[in-house]
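**Q** Below is a structure I'd like to ask you about.
What follows draws every value from the coordinates through simple rules; no lab data is involved. Note that the structure is a prediction, hence the values are computed from the model and not measured. Cβ: placed from backbone, ideal geometry, glycine included. Neighbour counts: every protein chain shown.
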Amino acid sequence: MPTHPLTSHDNELSPPLHHDFPFDPTHGYDLPRLLEVGAPAGPDDFVDFWQERYARALRVDPAPRLEGPWTTVDGLRVADVSYTSVDGVRIGGWLTVPADGRVLQGCVATHGYGGREAPDLRQPPPGTATIWPCLRGLGTRSLLPGVASNSAGHVLHGIGSRESYVIGGCVADVWGAAGALLRLVPEAAGRLTYLGTSFGGGIGALALPWDDRFHAAGLTVPTFGNHPLRVTLPCTGSGESVRTRLAEDPSVLDVLAYFDAATAARHLRIPVHVGAALFDPSVPPPGQFAIHNALAGPRELLVLRAGHFDHPDEPAETAALEEAQRRFLSEAD
């Protein structure tokens, strides 16, 4: 674990980011203060709740199925895929495998709250067999009747109960994706990894502590961290819907306590690379850093100038992050 965070930019030379948001996307936190943000301990039965959900999910036969012909793009074979998750929900996505057939590792790669229309073939390291699920209710492959596909509505679906909350189903979809990938590409079992950005980063932090099939992970600007703090911070992302709902129904915070990615990170012991932003209008930076700070195992942090925001350094920053995570996933012990 590095003794200090790596940065993708020079804080002293970078000018302030200009914006027209009615709030400060840094929320007044500089890097030293962000590195001190803690994680809630969570309910007494937090671990039992998630271990039981994981055991329940493993009893579901993923019954993976290729949904069309293979195509070859940039040295990878690509095919549509589907599998069954909890509650009988059929999840759609894509499977990519090295065209030369040499599989060095596997990966479950999830998406942000914008969903996914196609796999991002550059993300995983070379030699990776990757499943790219669209988690339940989200596009373009896993839309569900009655579940909003936009972040504002999706994040509130079933939030009245820890059993019905859609985020729990999305976490189970990750476990199902792992089972589907290992059924379709058994040689990926020796080194299974995870990649998740924003929504997918938070979902990964919730899913990975209970699943010993995973070897390492990369989480980028992860959400759902430190809900008690998060709901005090205005944003343009899904957290704003939660803030509004909480004002109407304070009991929502009791449910959210079971879905706090920072609390879950306290139990995550595999090596994890985190890309966390100093400035982010969509996912408040303190929540992102709360997840990183709480990780119980080896970790590496790449500090980003901004997340969910176009700025001149963004292309270089994204390239540096992707390269760092490819290296991390390939080298993590």
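**Q** Along the Cα-to-Cβ line of R243, 7 Å from the Cα, sits a label point; which residues in the stretch 295-319 have backbone N less than 20 Å from it?
**A** 306-310
**Q** By how many nm would the segment from F23 to R102 grow when fully extended, if each residue of separation counts as 0.36 nm and the alpha-carbon distance is taken off?
**A** 23.5 nm
**Q** Explain nothing, just the number: dipole magnitude of the stretch 53-165 about its Cα centre with +1 on each Lys and Arg Cβ and -1 on each Asp and Glu Cβ, in debye rounded to the nearest 20.
**A** 300 debye
**Q** Can you give the charge dipole size of the stretch 150-279 about its Cα centre, rounded to the nearest 20 debye, using +1 on the beta carbon of Lys and Arg and -1 on the beta carbon of Asp and Glu?
**A** Magnitude of the dipole: close to 280 debye.
**Q** Once the dipole of the stretch 50-125 is set up with Lys and Arg at +1 and Asp and Glu at -1 on Cβ about the Cα centre, which of A55, L66, I91 lies farthest towards its positive end?
**A** The one lying farthest along the dipole's positive direction is A55.
**Q** Mind checking which of N293, S330, A320 is farthest towards the positive end of the stretch 275-333's charge dipole, using Cβ charges of +1 (Lys, Arg) and -1 (Asp, Glu) about the Cα centre?
**A** The Cα lying farthest towards the positive end belongs to N293.
**Q** Listed highest first by mean packing, meaning other Cβ atoms within 10 Å per residue, what order do 98-105, 150-157, 16-23 come in?
**A** 150-157, 98-105, 16-23
**Q** Sticking with this one: Order the peptides 110-117, 281-288, 43-50 from the highest to the lowest mean number of other Cβ atoms within 10 Å of their residues.
**A** For the peptides 110-117, 281-288, 43-50, the packing ranking is 281-288, 110-117, 43-50.
**Q** Mind putting a number on the dipole of the chain about its Cα centre? Charges go on the C-beta only, +1 for Lys and Arg and -1 for Asp and Glu, and I need it in Debye to the nearest 20.
**A** Dipole of the chain, to the nearest 20 debye: 900 debye.
**Q** Which label belongs to the value computed from this structure, given these candidates for Kirkwood radius over Cα pairs in Å: (i) 20.5; (ii) 19.7; (iii) 21.7?
**A** From the options (i) 20.5; (ii) 19.7; (iii) 21.7, the structure gives (ii).
**Q** Further question: Within the stretch 129-155, find all residues whose amide N lies under 17 Å from a label point positioned 7 Å from the Cα of R90 along Cα-to-beta-carbon.
**A** Correct set: 133-146.
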